[in-house]
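The structure appears below as structure tokens.
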Amino acid sequence: MHEKFQQATIYGKSVLTNAATKAAYEVKAEPGQSAYNVAVADFFHAPDIEEVDTTTYTGLVGSTIRVRATDDFKVAKVHVVIANTDGTLVEEADAVLQTNGIDWLFTAKKANASLAGDKITVTAYDNPHNSTVKLKTI
């Protein structure tokens with residue numbers, strides 16, 4: 001735990017060296033907190049993937065997968081990987097953050113003829129590069 005706290009301290013100090021990142025953390029600070037305090041706390045919390053909605057993913061180009069991901073500070077990126085039952089990669093790409101700030105949309109760029117048993121692997125990352133992985137089988 002001591003090593004993790006040391007890494008969090010280093011991350012918190014690095015936030016203070018970047019004006020834009022520092023300002024973003026300052027906005028989230030409660031009274032009596034600093035950007036540094038919020039950044040250190042953020043380091044200890046990985047994002048949550050609350051939902052992977054594949055109801056609009058048909059395997060056709062342009063069909064979508066919606067991911068709902070949250071974090072104590074901010075989800076920085078959501079990455080989606082689609083693989084067939086035999087493990088063959090269909091495609092992978094980053095999802096796009098939607099205007100509500102919690103939903104991310106992956107849009108298929110490749111056709112996928114056989115969906116049964118396909119595995120969707122979603123990874124959400126936050127600013128300190130913590131990650132959470134969720135696997136969904138169609």
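The values are calculated or read from the model by the stated rules, or taken from the named source; none is laboratory data. This is a predicted model, so every value here is computed, not measured. Don't worry about glycine lacking a Cβ; one is built from the backbone with ideal geometry, like all the others, and counts go over all protein chains shown.
Which ones in the range 82-104 are in a strand (DSSP E or B) and among the charged types (D, E, K, R)? Within the range 82-104, Glu91, Glu92, Asp94, Asp103 meet the criteria. Of the residues that make up the range 23-30, is at least one free of Cβ contacts under 8 Å to residues at least 40 places away in the same chain, touching a Lys or Arg at 6+ places or on another chain (Cβ under 6 Å), not assigned by TED's automatic domain parsing to the domain that holds Asp94 and not basic (Lys, Arg)? Within the range 23-30 (the criterion being free of Cβ contacts under 8 Å to residues at least 40 places away in the same chain, touching a Lys or Arg at 6+ places or on another chain (Cβ under 6 Å), not assigned by TED's automatic domain parsing to the domain that holds Asp94 and not basic (Lys, Arg)), the answer is no, since none of the residues qualifies.
Listed conditions (1) surrounded by 14 or more Cβ atoms within 10 Å (Cβ to Cβ); (2) assigned by TED's automatic domain parsing to the domain that holds Asn112 are all met by Thr56, apart from (1). Of the residues that sit in the range 105-123 and are among the hydrophobic types (A, V, I, L, M, F, W, C) and in a strand (DSSP E or B), which one is surrounded by the fewest Cβ atoms within 10 Å (Cβ to Cβ)? The residue in question is Leu105.
Of the helices (runs of 4 or more DSSP H) lying entirely inside the range 1-71, those carrying at least 2 residues that are basic (Lys, Arg) and over 30 Å from Lys110 (Cα atoms) are 2-16, 19-28.
A quick yes/no check of all residues on (1) modelled with pLDDT under 95; (2) surrounded by fewer than 18 Cβ atoms within 10 Å (Cβ to Cβ); (3) more than 27 Å from His2 (Cα to Cα):
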{"position": "Ser34", "(1), (2), (3)": "yes, yes, no"}
{"position": "Asn37", "(1), (2), (3)": "yes, yes, no"}
{"position": "Glu51", "(1), (2), (3)": "no, yes, yes"}
{"position": "Gly62", "(1), (2), (3)": "no, yes, yes"}
{"position": "Asp94", "(1), (2), (3)": "no, yes, yes"}
{"position": "Asp103", "(1), (2), (3)": "no, no, yes"}
{"position": "Tyr125", "(1), (2), (3)": "no, no, no"}
